[in-house]
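Quick notes on the structure that follows.
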Amino acid sequence: MSATDPSSLYADHLSELKRRADEALARSGFDHLVVPSGTQHWQVFDDRDYPYAVNPQFKHWLPLTRLPYSWLVHTPGRKPQVIYYQPRDYWHVVPDAPNGWWVEHFDIHVIRKPEDALALLPKPAARCAIVGEAQSALGDYAPNNPEAAINYLEYRRSYKTPYEIALMRQAQRTAVRGHRAAEAAFREGRSEFDIHMAYCAAAGQDANDLPYGNIIALNEHGAVLHYTDLGRAAPSPLRSFLIDAGASACGYAADITRTYAKDAGGEFQALIDAVDAAQQKMCAAVRAGVDYKQLHIDAHLQLMAILKDFGVIRVSPQTALESGVSFAFFPHGLGHPIGLQVHDVAGFAESDRGGKIPRPEGHPYLRMTRVLEPGMVVTIEPGIYFIDMLLEELKEKGVADQVDWSRVDAFRPYGGIRIEDDVLCTDGAPENLTRPAFAAA
Ligand code: GLY
Ligand code: MN
Ligand code: MN
């Protein structure tokens, strides 16, 4: 077992979660923290279930992502309990008996029916902070999601434990296996659907495992920020490939984007190289005490400097930022917190008692407004896109003369560029979790 093996780091992780849970209970005035894993969801007027998604508060404690109708119970000073639903069912695969590095740390009660949990949950129900979705209600145990507890727990989730970082590194390695296979499939001229399949096969994960739907975009499709159509035929000619695809490790997410040009000597490749160099500078700026809002604004200016160099805009980066030209080419946020959820919680949190730090005006899609602190993991994902809808709006706003439209026409067939890494803020230099995984693959 190495120091980066999650199993060797789990006991400390659990101690930290117990401390946080104790404080959340003290603040909300309850005696027990009760966390349902969640239930299956059914399609309307049908007997088909949606893919099960575990309650993030549950997988924070346990490396278990496929255990519906189960419960975690924490009472200060006591060994935590897991009420573990293992039905008798010959239609479906049922969860294995409890096993793995987590088992020794819990009192475990295996139940065969969801309602068997009622006898095991702490009494009275009114003394429980029950954190989950409404649908998890069982008898008197309906999630009450006390605000003071949620605010505290979500805020603290920003500070990843070494166990969590180890799992996030693992997710990076898995995703990078997929990225390598996807690039190879692109170079072979395969379709978006085929590239997606190559990705899933190499990563060993499918739609139910991945932390979000793969974005696999050839040519102009790169200009659709969340393109998930997966065309069945490769376009001709093939020019470019944008892939935004992640992986999961025990419920922790990786979120990685790369962009490739078919022609290694062309101008689009040069634009990719420029964005890649700028992105690495942005990653290097992920330091404690830095306001993420400022990183986002700085990213706008750096990207506009690139577009100026490439002759796409005719004005200074500052002017492009003020006129809205910059927004048309980079219309999303620089990034977001990541962890148990790909867009993790508390990106706007003012404190562990609530409050929201607003986005800067004119930047409606930024998902992180906090000052960076050690232990936070954020994505850094600058992009440049050629999106007709947004470029048309520049004409309507009367700032069309700030753009060289012949240069837009030259780049439009390539769609866009995004480069995305996941970066850990530390006491000192930031740690890019993504680049070492590519270097090692
Ligand atoms: N993959 C979604 C995002 O980058 O935020
Ligand atoms: Mn992202
Ligand atoms: Mn992404």
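Here are a few things to note about the model shown:
- Relative contact order (%) - the stretch 143-243, alpha-carbon pairs under 8 angstrom, separation at least six: 25 percent
- Note that the stretch 410-422 has calculated 3J(HN,Hα) couplings of 5, 8, 3, x, 9, x, x, 10, 9, 10, 9, 10, 10 Hz, one per residue in order, obtained from phi through the Karplus relation 6.51 cos²θ - 1.76 cosθ + 1.60 (θ = phi - 60°); glycine and proline are x.
- Stokes-Einstein translational diffusion, the stretch 98-151 - Kirkwood Rh over all Cα pairs, 1.002 mPa s, 20 °C, in µm²/s: 165 µm²/s
- Options Y260, V377, A126, ranked by Cα towards positive dipole end of the chain, top entry (Cβ charges): A126
- Given charges at Cβ of Lys, Arg, Asp, Glu: the chain dipole, positive-most of A234, L138, H74: H74
- Residues whose amide H lies under 5 Å from that of V403, counting only those 5 or more places away or on a different chain, are R314; hydrogens are built 1.01 Å from N in the peptide plane.
- About its Cα centre, the stretch 237-320 has a charge dipole of approximately 100 debye under the convention of +1 per Lys or Arg Cβ and -1 per Asp or Glu Cβ, with nothing else charged.
- Bridge type composition, the chain - antiparallel percent by DSSP, nearest 5: 85 percent
- Scattering profile of the stretch 58-103 at q = 0.20, 0.29 Å⁻¹ [log10 I(q)/I(0), Debye over alpha-carbon scatterers]: -0.71, -1.26
- Amide H contacts under 5 Å for V371, placed H, 5+ residues apart: Y292
- Scalar couplings 3J(HN,Hα) for the stretch 342-351, obtained by applying the Karplus form with A = 6.51, B = -1.76, C = 1.60 to θ = phi - 60°, are 4, 9, 6, 6, 6, x, 10, 5, 7, 7 Hz; x denotes Gly and Pro.
- Between A184 and Q280, the distance separating the two model label sites (each 7 Å from Cα on the Cα→Cβ line) works out to 2.5 nm.
- Dimensionless Rg ratio for the chain, taking C-alpha atoms and the 2.2 N^0.38 Å reference: 1.06
- All-pairs Cα distance distribution in the stretch 323-441, expressed in whole percent, bin size 10 Å: 12, 33, 29, 21, 6, 0
- Treating each Cα of the stretch 263-396 as an identical point scatterer and summing with the Debye formula, the log10 of I(q)/I(0) at q = 0.15 Å⁻¹ comes to -0.76.
- Extension gain, D206-V103: 0.36 nm per intervening residue step, less the Cα-Cα distance, totals 34.4 nm.
- The eigenvalues of the Cα gyration tensor, multiplied by 5 and square-rooted, give the stretch 219-319 an equivalent ellipsoid with semi-axes of 26, 23, 12 Å from largest to smallest.
- Cβ-derived FRET efficiency at R0 35 Å, V93 paired with F193, nearest 0.05: 0.85
- A simple charge model with +1 on the Cβ of Lys and Arg, -1 on the Cβ of Asp and Glu and nothing else charged puts the dipole of the stretch 384-439 at about 180 debye relative to its Cα centre.
- Based on alpha-carbon atoms, the Kirkwood radius and the radius of gyration of the stretch 192-265 give Rg/Rh equal to 0.98.
- Based on the reciprocal of the average 1/r between different C-alpha atoms, the Kirkwood radius for the stretch 319-361 equals 12.6 Å.
- Positive dipole terminus of the chain, leading residue within H32, N214, T319 (C-beta point charges): H32
- Ranked by the mean number of other Cβ atoms within 10 Å of their residues, highest first, the peptides 141-150, 264-273, 53-62 come out as 53-62, 141-150, 264-273.
- Taking the stretch 1-42 and a reference point 7 angstrom along Cα→Cβ of A440, the backbone N atoms nearer than 18 Å belong to 1-10.
- For the chain, the dipole from Cβ point charges (+1 on Lys and Arg, -1 on Asp and Glu) about the Cα centre works out to 660 debye, to the nearest 20.
- Shape of the stretch 37-169, Cα gyration tensor, a/c cut at 1.5: rounded
- Filter on K18/K356; K18/K113; K18/K281; K308/K356; K281/K356; K79/K113 - keep pairs with C-alpha separation over 32 Å: K18/K281; K308/K356
- Those aspartates and glutamates that a straight Cα-Cα span of less than 14 Å connects to K262, excepting residues fewer than 8 apart in one chain: E183, E188, E220, D273
- Fraction of antiparallel bridges per DSSP, the stretch 57-197 only, in percent to nearest 5: 45 percent
Readers should treat all values here as calculations from the given coordinates under stated rules, not as data from a laboratory. Note that the structure is a prediction, hence the values are computed from the model and not measured. Positions of Cβ are generated from backbone atoms using ideal geometry, with glycine treated the same way; all protein chains shown enter the neighbour counts.
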